[in-house]
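A short worksheet on the structure shown next.
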Amino acid sequence: MLRDISYRYKIPATIIAVIVVTALAIAVPLISSANDAAKRDLIEHALSLGKTLSRSLQPAMLHDELWQAYEIVTTPFDRPLEESLRKQAIILLDAQGAVYVATDPKRFPSLEPFAKLGAGPAKLSQAIAEQGEEPLVFEDLDPDRLIMAVPVLAVDKTRLGTVVLEYSKDIFRPRFLDTLRRAAISTALILLILVPFGWLWGKRIASPLLDLSAAIGKVPKTRAADIQFPAPAGKDEIGILGRRFAEMLAGLKEKASLEKKVVAAERLAAVGRLTAGIAHEINNPLGGMLNAISTYKRQGAQDPSFVERTMSLLERGLTHIAPTVIAASSTSGSIPRAMRCAAAARPTGPAPITATGSCSCVLVLIGGFLVDYAEIMSDSVGAIAQQLDVVRPASPRNADRSSPSD
Amino acid sequence: MDRREFLEAGVAISTRMLMPSRAWAADPGPLVIGTTPVFLDDEVAFLREWQEYLAERLQRPVAFVHRGTYREISELVLGEKIDAAWVCGFPYMRFHDRMRLLAVPTYQGKPLYRSYVIVPSSDTKSASILDLRGKIYAFSDPDSNSGWLVPQAELQRGGNDRATFFRKSFFTYAHRRVVDAVAAGVAQGGSVDGYVWDTLQILHPELTQKTRVASKSQEFGFPPLVVRANLPAAEFRQLQDVLVRMQSVQAGLALLHKLNLDGFQPGSDQLFGGIAANMHLLGIA
């Protein structure tokens, strides 16, 4: 599926995907880090608060001033108290592990043993019982709450009680959402700038490839001479490929030109072979006829029998030439001049054959045949040249080369 | 009173508190009045208005003094460190030979008030303090009639051991904080000045609606204003007159309205007979 998508879209989409993934890869760890930092800040803040409360609660616990202790533990809370209690609670335990006072007395009633208030408080009570003078942090004791325990110590380090600070992990949510919102806005702004830039950049990268692809796509259907492909200037792979294709295109053009020349040469050779064959078919009888005439001129004037023999030889020679001339004339489409001469020279009525008459008639026929021969050759060459014109390229250079004079 | 006058008054008060009582008899200086949580003395803006009102009528500076407990204010009066104080009827009856009754507020037409036993609104069954055995209980102040003497007398009359009746009890040192303690659930019951609870119901109903009045005591003399025993008679009469006339002056009436009181009257020790009876019941001299 992905392989069928054009690089016109694939490259920009890939760049955008890389930008988005990069932005997310940066944003997600930052958000996670911010969340961790928020948790660390809260723990530090809570421990600091716990230590302050511990010192403030010391006289109240020593003098058993429950209300004073309540006012101290509720001091850090915003009013109305009920809204704050959903997020955090402070429980002051006495030295025996019972609740002395808590910010949420309905959940943690005073004087109740803390360990009996649930599984979480039971685990916490056990940990507190083993606690030294250092504060404790419980991140995993309750899946929904972050708990810290700070001891309340008298001047002589006697343990008077424990301040338990309990924070809902939801307390991170507003800060986390705020961080998320800020990160989302920053990422969106970055993407707003980088995505169009990435798209244009991708298109620019894909452009030479698309041009090359379009040019290659034309190769089987369009003549190489009609394909316009400016070779790319770069030295990258597409540039190299483009230049190679441009060279290949030039080679195809040259090959096509050579093929035309070869076809023309082959046709000219065929004409040559044809005319040589015609000449051969005519020259032999013509040579015999010329010999017969020559013999007749030297010896036949005094011997009338030579006339008949000479004429017979000439007639045989002409009879031999006639099919060749007729076949050649069918190529040009003209009536053989020899036939027209013969028709013109032949007496209209019956006449005796005389030596003089027969000789002149034969000469006329020979002359006609020679003229026919010349015309036939000319017409044949013209017809071939005309056929060559059919395949002649339209360019002026080739037109000149394929002129009838060739 | 501008800032300069306020600072001068502060210096004068401090000086007078440090000096022997006889030394400032010749130079009365500002009239110093101590307040206790028998009323909502944490309403600072109101106190400033009342201070200005009194200063204007008395033609002398007036300063209010706050302390954390009733006992501290009582001791200031007894030690003649302050001129007057708004105290509870209980300390007045304990030290009535060393204090002079200046005026008694009138509330709902009478110079009387009640002590309320309040419980959380979720407690719909408790009908008296005797139903709160084994609970955590909030008292106002050990020198408060409504916030300590009345409930103690009630327990005593019921034949209960006051030391063990409650699982735990504590003092909040203010009636308002008793309401806070019961509303928050720190205590399952508490004793509070009925006038303070009624006034809170007007000013802060969101707080009082978390509590329920389980029972009301008999009527007792309203917490009075007293003066030191040696306050000159002219000053006594002038101050008493200003207080009693408040209900007939528009500005004074507005202040009384904010106090949720009808006015002041000279009063008499007979109003506090009920308190004396409870003291006698509990063996308090």
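Among the residues of the range A:85-92, is there at least one that is more than 14 Å from chain B (Cβ to nearest Cβ) and β-branched (Val, Ile, Thr)? Steps first, answer last, please.
The first filter runs over the range A:85-92 and keeps only residues more than 14 Å from chain B (Cβ to nearest Cβ), leaving A:86-88.
Now drop any that are not β-branched (Val, Ile, Thr), which leaves none.
Checked the range A:85-92: no residue is more than 14 Å from chain B (Cβ to nearest Cβ) and β-branched (Val, Ile, Thr).
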If you scan the range B:256-275, which residues turn out to be over 15 Å from B:Leu112 (Cβ atoms) and buried (at least 18 other Cβ atoms within 10 Å of the Cβ)? B:Leu256, B:Leu259
Please state which of the following conditions A:Ser168 fails to meet, knowing it meets all the rest: (1) surrounded by fewer than 16 Cβ atoms within 10 Å (Cβ to Cβ); (2) in the same structural domain as A:Glu139 (by TED's automatic domain parsing); (3) not basic (Lys, Arg). (1)
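In the range B:99-120, what count of residues is obtained for those that are touching a strand residue (DSSP E or B) at 6+ places or on another chain (Cβ under 8 Å) and not in a strand (DSSP E or B)?
Our first condition is that a residue be touching a strand residue (DSSP E or B) at 6+ places or on another chain (Cβ under 8 Å); within the range B:99-120, this holds for B:99-107, B:110-120.
Then drop every residue that is not not in a strand (DSSP E or B), which leaves B:111.
The number of residues fulfilling the criteria is 1.
Among A:Gly277, A:Gly234, A:Gly251, A:Gly288, which is the only one that is assigned to a helix (DSSP H, G or I) and either in contact with a Cys (Cβ under 9 Å, 6 or more places away or on another chain) or not assigned by TED's automatic domain parsing to the domain that holds A:Gly317 (or both)?
Testing whether each residue is assigned to a helix (DSSP H, G or I) and either in contact with a Cys (Cβ under 9 Å, 6 or more places away or on another chain) or not assigned by TED's automatic domain parsing to the domain that holds A:Gly317 (or both) leaves just A:Gly251.
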Regarding the range B:218-226, can at least one residue be identified that is within 25 Å of B:Trp197 (Cα to Cα) and surrounded by fewer than 14 Cβ atoms within 10 Å (Cβ to Cβ)? yes
Would you please list the contacts, defined by Cβ atoms under 7 Å and residues six or more apart or on different chains, that run from a residue in the range B:262-285 that is farther than 19 Å from B:Arg100 by Cα to a residue that is surrounded by 18 or more Cβ atoms within 10 Å (Cβ to Cβ) and among the small types (Gly, Ala, Ser)? B:Asn278/B:Ala153; B:Leu281/B:Ala153; B:Leu282/B:Ala153
In the range B:167-190, anything touching a Phe, Trp or Tyr at 6+ places or on another chain (Cβ under 6 Å) and more than 10 Å from chain A (Cβ to nearest Cβ) is listed as B:Gly189
Residue among A:Ala38, A:Ala46 that is surrounded by 15 or more Cβ atoms within 10 Å (Cβ to Cβ), under 28 Å from A:Ala183 (Cβ atoms) and in contact with a Lys or Arg (Cβ under 8 Å, 6 or more places away or on another chain): A:Ala38
So which residues in the range A:1-35 are surrounded by 12 or more Cβ atoms within 10 Å (Cβ to Cβ) and β-branched (Val, Ile, Thr)? A:Ile11, A:Thr14, A:Ile15, A:Ile16, A:Val18, A:Ile19, A:Val20, A:Thr22, A:Ile26, A:Val28, A:Ile31
State which residue pairs qualify: first residue within 15 Å of A:Asn284 (Cβ to Cβ) and inside the range A:305-321, second residue among the aromatic types (Phe, Trp, Tyr) in any location, beta carbons under 8 Å apart, and separation of 6 or more residues or different chains. A:Leu318/A:Phe369; A:Ile321/A:Phe369
Can you tell me which residue in the range A:60-119 is surrounded by the most Cβ atoms within 10 Å (Cβ to Cβ), limited to those that are in a loop (DSSP other than H, G, I, E, B) and among the β-branched types (Val, Ile, Thr)? A:Thr103
The number of residues in the range B:124-166 that are of a type in the set (Asp, Glu) and surrounded by fewer than 18 Cβ atoms within 10 Å (Cβ to Cβ) is 2
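Taking the range A:120-138 on its own, how many of its residues are loosely packed, with under 13 Cβ neighbours inside 10 Å and outside any helix (DSSP H, G or I)? Steps first, please.
Of the range A:120-138, the ones loosely packed, with under 13 Cβ neighbours inside 10 Å are A:126, A:129-130, A:132-134.
Filter once more, so that each one left must be outside any helix (DSSP H, G or I): A:130, A:132-134.
Final tally of qualifying residues: 4.
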Could you go through the range A:228-235 and let me know if any residue there is charged (D, E, K, R) and over 25 Å from A:Asp4 (Cα atoms). yes
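Given the criteria part of a loop (DSSP other than H, G, I, E, B), within 14 Å of chain A (Cβ to nearest Cβ), touching a Phe, Trp or Tyr at 6+ places or on another chain (Cβ under 8 Å) and touching a residue at least 40 places away in the same chain (Cβ under 8 Å), does B:Asp123 qualify?
Numbers: part of a loop (DSSP other than H, G, I, E, B): yes; within 14 Å of chain A (Cβ to nearest Cβ): yes; touching a Phe, Trp or Tyr at 6+ places or on another chain (Cβ under 8 Å): no; touching a residue at least 40 places away in the same chain (Cβ under 8 Å): yes.
It is false that B:Asp123 is part of a loop (DSSP other than H, G, I, E, B), within 14 Å of chain A (Cβ to nearest Cβ), touching a Phe, Trp or Tyr at 6+ places or on another chain (Cβ under 8 Å) and touching a residue at least 40 places away in the same chain (Cβ under 8 Å).
From the list B:Gly134, B:Gly159, pick out the single residue that is in contact with a Lys or Arg (Cβ under 6 Å, 6 or more places away or on another chain) and part of a loop (DSSP other than H, G, I, E, B).
Numbers: B:Gly159 fails: in contact with a Lys or Arg (Cβ under 6 Å, 6 or more places away or on another chain).
Exactly one residue qualifies, and that residue is B:Gly134.
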Any idea which residue in the range A:62-74 is nearest to the other protein chains (Cβ to nearest Cβ), counting only those that are in contact (Cβ under 8 Å) with a residue 12 or more places away in the chain and within 18 Å of A:Gly50 (Cβ to Cβ)? A:Tyr70
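The values are calculated or read from the model by the stated rules, or taken from the named source; none is laboratory data. Source: prediction; values computed, not measured. Positions of Cβ are generated from backbone atoms using ideal geometry, with glycine treated the same way; all protein chains shown enter the neighbour counts.
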